[in-house]
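Contents: one structure, followed by commentary.
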């Protein structure tokens, strides 16, 4: 079964939502240095104060989460499997998040804080807890991003930003999900074609790349036709900020009003086994996706990953825009699993965010 992957430039020119009204954004730069991209992970709970796991809230600079995990494990003389974290964070950034390390019956090594600081990891808080920090338990991420370049001085950028705040953001997976030049996706196709095995994809990174690409393709089609922010017959609606979802048999005025207020969002499929509950028009779009990418879809089903759903749209929480001399700062919060690059790609043109874009003034 052949998929429509070979003809894709990277990153793909998935359509933006604001270009029809404002034209394409002007060129801009972001993340020129780690201090330009600040991320803070938000948990809904705190460690209890006792237990065999030492929890550390850290601030790290120019380090991935995996790099910090390895350093903490090495300094504590434990396996990296004894270190827990909730979310993966990018390298070129200043990031604040919790890590945990299992130290049953013994204190932290002497000088641990100082040793971590020497490696670019500053300990902000420390407390004990009975359990390891698990993946995906954080509620949200707060971002503070610096934008420079031609786009920072564009008068239309503020209007674009206001539209995102009022109408929401297309919930694309960011390019970092697919690896440099999309190589994770090509690796995923090769692995799924011969049969996925955990030993070949221990962290499920390639499965995630395949599912994320299929979702982005579905979302891109909805953006292109203008239906990404409204409910279709048979749509599965997702309640904002929760995992609650329900199928909409026939959209009515009340539901349309809730969508306009960003209380409800249409959703797209994260491919896997179990069967979609979408019907009608929404189910037809999923069927066309399977026709276009039969190898990825069948491979994911054979791998046994469970079908799930993801909102097609994001609400920007705590939004702020601050202008400076030749720069601007954006601040906002996004739910777990959402990408700040999905916001940036609507505001600036940058090679890492969009392919095949022509930048013109209107």
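Please indicate, with yes or no, whether at least one residue in segment 282-302 is part of a loop (DSSP other than H, G, I, E, B), free of Cβ contacts under 8 Å to residues at least 60 places away in the same chain and loosely packed, with under 15 Cβ neighbours inside 10 Å.
So far as segment 282-302 goes, no, none of its residues is part of a loop (DSSP other than H, G, I, E, B), free of Cβ contacts under 8 Å to residues at least 60 places away in the same chain and loosely packed, with under 15 Cβ neighbours inside 10 Å.
Within segment 181-204, can one find any residue that is in contact with a strand residue (DSSP E or B) (Cβ under 8 Å, 6 or more places away or on another chain) and outside any strand (DSSP E or B)?
no
Inside segment 201-219, can you point out the residues that are buried (at least 18 other Cβ atoms within 10 Å of the Cβ), farther than 10 Å from residue 312 by Cα and either touching a residue at least 40 places away in the same chain (Cβ under 8 Å) or within 18 Å of the chain's Cα centre (by Cα) (or both)?
Passing the criteria: 206, 207, 208, 209, 210, 211, 212, 213, 214, 217.
Would you mention how many residues in segment 150-162 are surrounded by fewer than 17 Cβ atoms within 10 Å (Cβ to Cβ) and within 23 Å of the chain's Cα centre (by Cα)?
Selection size over segment 150-162: 1.
In segment 321-334, which residue that is at pLDDT 95 or above and over 23 Å from residue 23 (Cα atoms) is farthest from the chain's Cα centre (by Cα)?
Step by step, filter segment 321-334, then rank; the result is 331.
Which condition breaks for residue 197 when tested against (1) under 19 Å from residue 314 (Cβ atoms); (2) exposed (fewer than 13 other Cβ atoms within 10 Å of the Cβ)?
All conditions are met except number (1).
Can you confirm whether residue 147 is over 30 Å from residue 48 (Cβ atoms), crowded, with 16+ Cβ neighbours inside 10 Å and either modelled with pLDDT under 95 or touching a strand residue (DSSP E or B) at 6+ places or on another chain (Cβ under 6 Å) (or both)?
Yes.
Can you name the number of the only condition in (1) under 30 Å from residue 327 (Cα atoms); (2) in a helix (DSSP H, G or I); (3) in contact with a helix residue (DSSP H, G or I) (Cβ under 9 Å, 6 or more places away or on another chain) that residue 68 fails?
(1)
Condition check ((1) assigned to a loop (DSSP other than H, G, I, E, B); (2) in contact with a strand residue (DSSP E or B) (Cβ under 9 Å, 6 or more places away or on another chain); (3) at pLDDT 95 or above) across all residues:
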| position | (1), (2), (3) |
| --- | --- |
| 63 | yes, yes, yes |
| 78 | yes, yes, yes |
| 90 | yes, yes, no |
| 96 | no, yes, yes |
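Only one of 133, 124, 116 is more than 24 Å from residue 216 (Cα to Cα), touching a strand residue (DSSP E or B) at 6+ places or on another chain (Cβ under 7 Å) and crowded, with 21+ Cβ neighbours inside 10 Å; which?
Exactly one of 133, 124, 116 is more than 24 Å from residue 216 (Cα to Cα), touching a strand residue (DSSP E or B) at 6+ places or on another chain (Cβ under 7 Å) and crowded, with 21+ Cβ neighbours inside 10 Å, namely 133.
Whether any residue in segment 14-24 is part of a loop (DSSP other than H, G, I, E, B) and farther than 23 Å from residue 223 by Cα is what I want to check.
For segment 14-24, residues part of a loop (DSSP other than H, G, I, E, B) and farther than 23 Å from residue 223 by Cα: absent.
The values are calculated or read from the model by the stated rules, or taken from the named source; none is laboratory data. None of the values given here were measured: they were computed from a predicted structure. Counting neighbours? That spans all protein chains shown, and the Cβs are built from the backbone with ideal geometry, glycine included.
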